[in-house]
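In what follows, a single structure is set out as structure tokens and then discussed.
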Amino acid sequence: EDIITGIQRKLEKHLRPERYRHTIGVMYTAASLSMCHKGNMEKAMLAGLLHDCGKEYSIKEQKRLCREYKIPLTESELKMPALIHAKLGTYLTEHEYSIEDSEVLNAITYHTTGKPDMTLLEKIIYIADYIEPGRIAIPVLDKVRYVAFSNIEEAVALSAGSTISYLKKMGRDIDPMTIKTYEYYTKK
Ligand code: DGI
Ligand code: FE
Ligand code: FE
Ligand code: FE
């Protein structure tokens with residue numbers, strides 16, 4: 001059995017059906033983006049598969065696991081717990097799923113906020129998470145889906161911008177890294 005199939009089997013038991021479907025959607029979308037942009041398809045599939053593996057726990061449990069595994073959380077992450085699963089997922093990917101590839105691990109770490117000057121794999125996971133077919137359509141989504149295959153940088157700018165508008169509308173705090181991602185890819 002190959003590595004991807006083995007991890008898929010494990011995740012299917014561990015994740016709720018809806019999150020598992022999302023995960024498979026991100027895996028195949030990341031594979032497609034990787035074909036189109038000449039990336040490493042296996043790394044894209046691995047990162048897509050595992051990007052949300054830290055999200056199946058409640059926020060309280062995620063915080064507890066971070067203390068147990070000595071994963072340092074920033075003030076931002078304590079204030080915006082929706083961000084924690086990215087770091088926790090990175091830890092679990094390394095220690096429970098035995099993936100040591102630093103490119104894959106970084107793609108999981110930055111999948112929620114993005115960051116300036118991302119690697120191709122980091123951009124692919126950031127975008128695949130946003131556009132996978134199971135995501136419910138919001139106005140900008142069709143545009144991001146279309147643009148992601150011809151200009152992935154523009155797709156990052158569009159999705160970061162739309163995430164910021166959404167968070168503002170909801171009155172939620174915005175992580176400085178989310179802003180930096182938007183600024184970097186808008187200026188490009
Ligand atoms: O885990 P997913 O739902 O597949 O997607 P995600 O990891 O991209 O985003 C998880 C949540 O985090 C989503 O509800 C949006 C939110 N989020 C992203 N950036 C920020 C944020 N929440 C806050 N408060 N601040 C941010 O900068
Ligand atoms: Fe996520
Ligand atoms: Fe995302
Ligand atoms: Fe996700």
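Could you grab me the full set of residues in segment 147-174 that are without any contact (Cβ under 8 Å) to a residue 60 or more places away in the chain and among the aromatic types (Phe, Trp, Tyr)?
Within segment 147-174, TYR166 is the sole residue that qualifies.
Taking the options ILE71, ILE84, name whichever one is over 22 Å from ILE124 (Cβ atoms), within 14 Å of ligand 2 (Cβ to nearest atom) and hydrophobic (A, V, I, L, M, F, W, C).
Residue meeting the stated conditions: ILE84.
Go through (1) over 23 Å from ARG145 (Cβ atoms); (2) buried (at least 18 other Cβ atoms within 10 Å of the Cβ) and name the single condition ILE59 misses.
Failing condition for ILE59: (2).
Any idea which of HIS95, HIS14, HIS51 is within 13 Å of ligand 1 (Cβ to nearest atom) and at negative phi?
HIS51
Kindly list the number of the only condition in (1) polar (S, T, N, Q); (2) in contact (Cβ under 8 Å) with a residue 40 or more places away in the chain; (3) farther than 28 Å from ILE4 by Cα that fails for THR93.
(3)
Keeping to segment 32-56, report how many residues are surrounded by fewer than 19 Cβ atoms within 10 Å (Cβ to Cβ) and out of contact with any His (no Cβ under 8 Å at 6 or more places or on another chain).
Qualifying residue count, segment 32-56: 8.
Only one residue in ILE24, ILE3 is among the hydrophobic types (A, V, I, L, M, F, W, C) and within 13 Å of ligand 1 (Cβ to nearest atom). Which one?
ILE24
Could you tell me which of the residues GLU103, GLU1, GLU18, GLU96 is surrounded by fewer than 21 Cβ atoms within 10 Å (Cβ to Cβ) and modelled with pLDDT under 95?
Checking each option against the conditions leaves just GLU1.
Of everything in segment 23-33, what is under 15 Å from LEU50 (Cβ atoms) and either modelled with pLDDT under 95 or in contact with a helix residue (DSSP H, G or I) (Cβ under 7 Å, 6 or more places away or on another chain) (or both)? Give them in sequence order.
Answer for segment 23-33, where residues must be under 15 Å from LEU50 (Cβ atoms) and either modelled with pLDDT under 95 or in contact with a helix residue (DSSP H, G or I) (Cβ under 7 Å, 6 or more places away or on another chain) (or both): THR23, VAL26, MET27, THR29, ALA30, ALA31.
Are any residues in segment 111-160 of a type in the set (S, T, N, Q), within 12 Å of the chain's Cα centre (by Cα) and more than 12 Å from ligand 4 (Cβ to nearest atom), and if so, which ones?
THR113 - this is the single residue of segment 111-160 that is of a type in the set (S, T, N, Q), within 12 Å of the chain's Cα centre (by Cα) and more than 12 Å from ligand 4 (Cβ to nearest atom).
Taking segment 29-65, which residues are under 16 Å from ILE108 (Cα atoms) and free of Cβ contacts under 8 Å to residues at least 24 places away in the same chain?
Those that are under 16 Å from ILE108 (Cα atoms) and free of Cβ contacts under 8 Å to residues at least 24 places away in the same chain: ALA31, MET41.
Might you let me know whether segment 52-62 holds any residue that is within 16 Å of ligand 4 (Cβ to nearest atom) and in contact with an Asp or Glu (Cβ under 9 Å, 6 or more places away or on another chain)?
yes
The values are calculated or read from the model by the stated rules, or taken from the named source; none is laboratory data. Not measured: the values here are computed from a predicted model. Cβ: placed from backbone, ideal geometry, glycine included. Neighbour counts: every protein chain shown.
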